[in-house]
Structure formats: C-alpha cells, structure tokens
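The values are calculated or read from the model by the stated rules, or taken from the named source; none is laboratory data. Everything numeric in this text was worked out from a predicted model, so none of it was measured. Virtual Cβ from ideal backbone geometry, glycine too; neighbours counted across all protein chains shown.
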Amino acid sequence: MDILRRLKPSDFLQVVAVYRDAVMSQAQGLYSQVQIEAWAENAGRDDGLRNALQRGYGLASCAGRDSSTIEAFALLDPIDRLSLLYCRGRASRQGRATALLHAIEDRARQHGCACLRTEASQLSRPLLEREGWRVDAEEEVIFAGVRFLRWRMIKELILSPNCLT
C-alpha cells in the first residue's frame, strides 16, 4: 500500500535522489545527453531546492507501510505554483504523479487558489495535459548553463463553497 505524506526539510537527500533518478531514467530520447546531465546534476548544486522544501508545501509518495522511502514528490512554491513533480523511474506509471497532483490541487483549493501555474518539461507536459492543464506559452530557457524548451502551463481550479473553511 502506497501512502502520501508531507515532505519535511529532512527529506532533502531523498528528494535530490528522486529528482536525479527521474531525469536520468526517463529523459532519454526526449533530451540530449548534455541536457540530461545538466538537469540531473542541478538538483543539489545550491540551496535552491533546500530552500524551496522549507518554504513550500510538498508531498511525498512513499512505498509500502513505512513512509521512509520516497518514490515520488510534488512541491507547491508558492501556493499557486507547482514547482516540482518528480518520480523515480522504477515507480513511474503507477499513478503516483497523478495522486500527487490531485492532492496538491486540493491543497491549493483549500488556500483559495483559483488557478495553478507551472513550467513543464517534455516529461511532465503529457501528464499535466491529461489532468486538465493547458499550455499558456512555450519558452526557451537556460537552465544549469544549457538551453531547454519548456511550457508555461495553467490549470483553473473549481473552488467548492466550503474550500476556505
């Protein structure tokens, strides 16, 4: 049985490992080797990820009854932006990212967010589109010294009458 739990700052090393594994195991064929290496190595390079974990709201998808092994995670930072969504290769296509997205969207609704935004990679764009997100703009960015194509995406959230209680 898989569980979702709140990410903690002490999860940092596992989050970096999941991030790197996701990129290294799933980006082949979508990105060049130079892009993959730059992306994968960027995770723990500075304090950006550590600070985002402390500042944002994150959830981990963990395997089995014990909640210590993180297989996937998602992070809102700030509350109206899906900042990160990564899943280990061995745990992909098991519904983890979808479950995380639904839970993150619920959290944003609870805080009164009518719309979520993100910057999607070629890895995440298909999932996000299946979940009702739409492309707002395409952009080319320099990330870790390498040029990448990504998509700014948004999802309008339907607020229930009691979501702010």
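Below is a table of values for the structure above.
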{"quantity": "Any chance Tyr31 is among the aromatic types (Phe, Trp, Tyr) and in contact with a strand residue (DSSP E or B) (Cβ under 6 Å, 6 or more places away or on another chain)", "calculated": "no"}
{"quantity": "Cross-chain or 6+ apart pairs with Cβ under 6 Å, segment 1-22 first and part of a helix (DSSP H, G or I) and among the acidic types (Asp, Glu), then buried (at least 18 other Cβ atoms within 10 Å of the Cβ) and at pLDDT 95 or above", "calculated": "Asp21/Arg88"}
{"quantity": "Qualifying residue in segment 30-39 (condition: under 20 Å from Arg96 (Cα atoms) and at pLDDT 90 or above)", "calculated": "no"}
{"quantity": "Filtered residues of segment 128-148 (kept if at pLDDT 95 or above, surrounded by fewer than 16 Cβ atoms within 10 Å (Cβ to Cβ) and closer than 21 Å to Cys87 by Cβ)", "calculated": "Glu129, Arg130, Glu131, Gly132"}
{"quantity": "In segment 90-149, the residues that are touching a strand residue (DSSP E or B) at 6+ places or on another chain (Cβ under 6 Å), in a helix (DSSP H, G or I) and over 18 Å from Leu59 (Cα atoms)", "calculated": "Arg125"}
{"quantity": "Residue in segment 40-54 that is in a helix (DSSP H, G or I), modelled with pLDDT under 95 and of a type in the set (Asp, Glu) present", "calculated": "yes"}
{"quantity": "Whichever residue in segment 24-60 is free of Cβ contacts under 8 Å to residues at least 60 places away in the same chain and more than 18 Å from Asp77 (Cα to Cα) and, among such residues, is surrounded by the fewest Cβ atoms within 10 Å (Cβ to Cβ)", "calculated": "Gly29"}
